[in-house]
Each structure stands twice: as structure tokens, then as C-alpha cells.
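Participant: Here's a structure for you.
What follows is calculated from the coordinates using simple rules that are stated; it is not laboratory data. Small disclaimer: the values here were computed from a predicted structure and weren't measured. For neighbour counting, all protein chains shown are included, and Cβ atoms are generated from backbone atoms with ideal geometry for every residue, glycine included.
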Ligand code: ADE
Ligand code: ZN
């Protein structure tokens, strides 16, 4: 048996960041919005540095203006994930892009996303849960509105709260109110940290926001004591190697610290982050893990199991996905 026969679990995927460029181009044309500057000659997204990527990302989001747009986006994204063997996925969705932080508009957007997720589940056998996400560089006030939206819609489909965006802006403690509100509402927590910031940013995030998962977290590999604490606390890292290499957070796949983290018994998972922006898919991530580090079907099965046990869904869903993984 080869890892190519295995199904996959993905925990770190930005819904808009997974939008195929053709989808965004088509929607811009329908609405006569000119965002041609974000595409390259071959029709892909044109991105360079992380800061430039964020601008292109936000320009792509500007064409998504209604719940129906998000319903269509979700179908397109899940079709692509399912084609890459993903059977369980968690997607970051932001009230800032879905209705501008207005709770009623957010409700309509998330209902449309859930509707599409049900359709994709019936059609392609992929299960989706969502993590409501505030955007760090939009500031703490907008984060509060995102947390309120999250608390209002928390349930079987909206199961987590997190933070993405530019890690260089502000400090984790500026967002503690939002994380506390989300925790008290019963949401599970994750936060991007240690993608661009150093080990201190990971430590501050763990101390001030108390997430059970960290998005990226690769800077922890530079601090053995921090790795030990993370391993002991059972905090799970949502590592996105292809994203890190593409954006230059690490110099190459060979130099990616995922092996170091795993060797120190830190729980790692692997995801794509924003796949079409970074020329990746879950299949490519696994191919590169095989090619670079020699990870075989045993390693990748373990990766799936760590991800499934850290998933923000109920036990019945986990049992069902576990059976699907075992049957593959
Ligand atoms: N939003 C989308 N992708 C992101 C990333 N890699 N880091 C921070 N915020 C993001
Ligand atoms: Zn991310």
C-alpha cells in the first residue's frame, strides 16, 4: 500500500485563500470589477512577499459580496479539496469579509456556506467545519465584532475561533477579550503565530490567548525549551510547509523545521493554507513530505490521526471520519 491510497485530513485552510483564480476572475467579470492586476500572464494569482500576498488576497475577497457568492465559493473549494483526497477539512471564515462584521449579514453568509458544505458532503464525501477568524491587522475592535459573530453562530458547523493576518501588528494580549469571549461561548481556539514572529510570539500567544492549536508555529523550532512546553501541553501545530517555502518564511523544503518539531514530540499536522496562491494542494504537500523527508504511509497515517484528534468537531464526527480513513 502507498500513501497515495490514503484519504487526508486538513485543519488549516482559508476559505477565500482556497478560491481558484478562475473562480475569482469569473466573479469579477460578472460584476464588472477590474482586479486584473492580481493575476499573472498564466491566469494564476500574482503574489510576492507576505505583505503583497495580503493585498492580493483582500482584492480577491472584494468580489465576494453576497451569501450566494460564498455558497458558490464553498462548492468550488470543497470540490478541489475532495479531488485531492481530503475527507475532513476545517476552513477559516471571517465576518470581516462576510458582511463586514454585521451579525445578521454574517448569519446569512454562514448559512449559505453551511448549505454548500452539506451539498458537497452528499456529492463528494467531504466534511467541513468552520473556524471564525479575526484579522490581526484589522485591529482589536473588529476582532471583537468577529468574536461576537462567532458566539452568535456557534454550533455543529461553526466550531472554532481564531486569528489570522499580519503577525507584526499589535500584541496577542490586544485580542484577549475576543478569545475570552469565544472560549466562554464554547468555541475551540487556534491562532496564527510563529509564522513571521519569533519563538517569543508563540509563547506570548499561548500565555495570553490560550489556544489549543497554533497556526504555523514553526518559530518554536528555534527554542528547545518552548518545544518541550508545547509538547508537554499537547498544543498542536497547523504546519503549512508549502506556504512557508513559497512566502519565504523558510528558505526551502529541505530546511523546513517540521522534522525537528516532530523529533521533539511536538504534535504536527500539515495543511495548505491558501493553496492556489502558493501553487500547492494537499497531494503536493504529501508528495513533498515523501520526497524531502522520506515520510511513508505510516508517517502520513500518523499525521492524519494527530489532525483528526485535534479537529474541532464532535466525537461522533471523528468516529465517522476515522472509519472513512481506515477504509481507504
Ligand atoms: N491569511 C491567509 N493566509 C495567511 C497566512 N499564511 N498568514 C496569516 N494570515 C493569513
Ligand atoms: Zn493561515
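Participant: Running a GNM on the chain with Cα contacts under 10 Å, which residue among 241, 276, 211 ends up with the highest mean-square fluctuation?
Facilitator: Looking only at 241, 276, 211, the biggest GNM fluctuation is shown by 276.
Participant: Exposure proxy check: 191, 313 ranked by fewest other beta carbons within 10 Å?
Facilitator: Numbers: 191 29, 313 20.
The order, fewest Cβ neighbours first, is 313, 191.
Participant: Label points 7 Å out from Cα along the Cβ direction at residue 231 and residue 157: separation in nm?
Facilitator: Here the answer is 4.1 nm between the modelled labels.
Participant: Grab every C-alpha pair in the chain, bin the distances at 10 angstrom width from 0 up to the longest one, and report whole percents.
Facilitator: Computed distribution, short to long bins: 6, 28, 38, 24, 4, 0.
Participant: Among 259-266, 26-33, what's the highest-first ranking by average C-beta atoms within 10 angstrom per residue?
Facilitator: Details: 259-266: 17.4, 26-33: 13.9.
Packing proxy ranking, top to bottom: 259-266, 26-33.
Participant: If you stretched the chain out fully between residue 115 and residue 252, how much longer would it get, using 0.36 nm times the residue separation minus the C-alpha to C-alpha distance? Could the numbers behind the result be given before it?
Facilitator: Values: separation 137, 0.36 × 137 = 49.32 nm, distance 3.92 nm.
That pair, residue 115 and residue 252, stretches by 45.4 nm at full extension.
Participant: With both partners inside the chain, how many of the DSSP beta bridges are antiparallel, as a percent to the nearest 5? Please list the in-between numbers first.
Facilitator: Numbers: 1 of 32 bridges.
So the antiparallel bridges in the chain amount to around 5 percent.
Participant: Using Cα springs under 10 Å in a Gaussian network model of the chain, which residue among 125, 170, 17 shows the largest mean-square fluctuation?
Facilitator: The residue with the greatest mean-square fluctuation here is 170.
Participant: Next question. Determine the calculated [θ] at 222 nm for the chain from helices alone, applying -39500 (n - 2.57) to every DSSP H run no shorter than 4 residues and normalising by the residue count; nearest 500 deg cm²/dmol. Kindly include the intermediate steps, with their values, before the conclusion.
Facilitator: Details: 13 runs with 158 residues, N = 328.
Rounded to the nearest 500, it is -15000 deg cm²/dmol.
Participant: Moving on to the next point. Using a 10 Å cut-off on Cβ atoms, rank the peptides 3-13, 196-206 from the highest mean neighbour count down. Before the final figure, lay out the partial values.
Facilitator: Details: 3-13: 22.0, 196-206: 20.2.
Peptide ranking by packing, descending: 3-13, 196-206.
Participant: Report the residue, chosen from 314, 180, 115, that carries the largest GNM mean-square fluctuation when the chain is represented by alpha-carbon nodes joined by springs under 10 Å.
Facilitator: 314
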